[in-house]
Amino acid sequence: MESKIISLKSPQLILAGIGALDRLTDEVKALEVKKALLVTDKGVMASGIGPKVQALLEGAGLGVDVFDKVIPDPDIACAEACIKTAKKGGYGLIVGLGGGSPMDIAAIAAVMCTNPGTVHDYFGVNLVKKPGLPAFLIPTTAGTGAEVTPNAILTDVQEKLKKAIVSPYILPRVACIDPLLTVSMPPRVTAFTGMDALTHAIEAYTSGNATSLTDIYAVEGIKLIARSLRTAAGKGDNLEARQDMSLGSLYAGIALANAGVTAVHALAYPLGGEFNVPHGIANGLLLPHIMEFNATGSVAKFAHVAELMGERVENLSLLDRARRAAEAVKALLRDLPVPQSLKELKIKKESIPRMAEACLKITRLMANNPRNMTLEDATRIYQNAL
């Protein structure tokens, strides 16, 4: 019997599937606004996707300005620059286009246009007081799930930490997930954003906040990503694989938005905050090591993860099945063009004690972990990943 109250946070509307972008025109016209700010990065503009979306918005009758200065793993200064542009433009719509970074910056800009103060006032949970401007979020990768999560992440350069604004007002009016926008992703980006999505799905499935509803999304996300990530990275024009990855990322994002993530993200944040390791790379690299640690904390679920990832487990005990889940992830990583160790990222052994102390301070995530983690445990996990 379900012992938790089931709830589901999501955008007002999700459009997903091949050709979903074409459906966006109707939603733009329904808003009856005159100006939009397109928030993206220079790579998305250079790829042709940015101009395509700009033309779509203009074709729906909007005047469109472009903020294309979003950087990877954006810092507070990047957010402040976009907020300044958004506040002075008189916009009725903010559109975030790209990976998690442009979508997070767009979501933050939208809420800061209607709430007082600075972003520093809103780091934490449920501190945003009022809805923001309408926002449409359009991913060009299949990994972050930022289009369906109530979290926006910024790097605090001074403190060398990732910080989150967590609020239902971060969720967009419309999330538009079109696999056709991901076809041009190079193999490396496909791989590490895909590992980010897999991390979201596995963590949400094994989170202490998981419910029977979030499990439905998490399980489907694991299944889709496990069967298609290798193909999507190896043959990017395979539309079936791209569709699987886009939907897998979407389902994983919905699962994490409602069940939360766990120790993988907590240990990944110091890598991003101090060493600028891209979030998906940090998550993917740490994932199997933390799964090994967590297996005894949620044996039945990790055993199911092994099955979902295609492991042959018929003659194994439940605990041995659970341990095979981490091996399945290691095998997947070996087949992808991603770093296999912290050493490849130039992380030195001397940095581990500092990172271990930092990750344990992220109590919002550690509280969800299926197994309690000590400083010694975190240190050992970093050492195993070295």
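The values are calculated or read from the model by the stated rules, or taken from the named source; none is laboratory data. Values in this document were obtained by computation on a predicted structure and should not be read as measured data. Here the Cβ positions follow ideal geometry from the backbone for every residue, glycine too, while neighbour counts run over all protein chains shown.
If the condition is being part of a helix (DSSP H, G or I), of a type in the set (Val, Ile, Thr) and crowded, with 24+ Cβ neighbours inside 10 Å, then the stretch 248-284 contributes Ile254, Val264.
Listed by first and then second residue, the pairs with beta-carbon distance under 6 Å, at least 6 apart or on different chains, first residue in the stretch 106-128 and closer than 20 Å to Ile138 by Cβ, second hydroxyl-bearing (Ser, Thr, Tyr), are Val111/Tyr169. The residue that is modelled with the highest pLDDT, counting only those in the stretch 165-187 that are hydroxyl-bearing (Ser, Thr, Tyr) and closer than 22 Å to Gly19 by Cα, is Thr182. Residues in the stretch 234-247 that are surrounded by 22 or more Cβ atoms within 10 Å (Cβ to Cβ) and either free of Cβ contacts under 8 Å to residues at least 24 places away in the same chain or in contact with a Lys or Arg (Cβ under 8 Å, 6 or more places away or on another chain) (or both): Ala241, Asp244.
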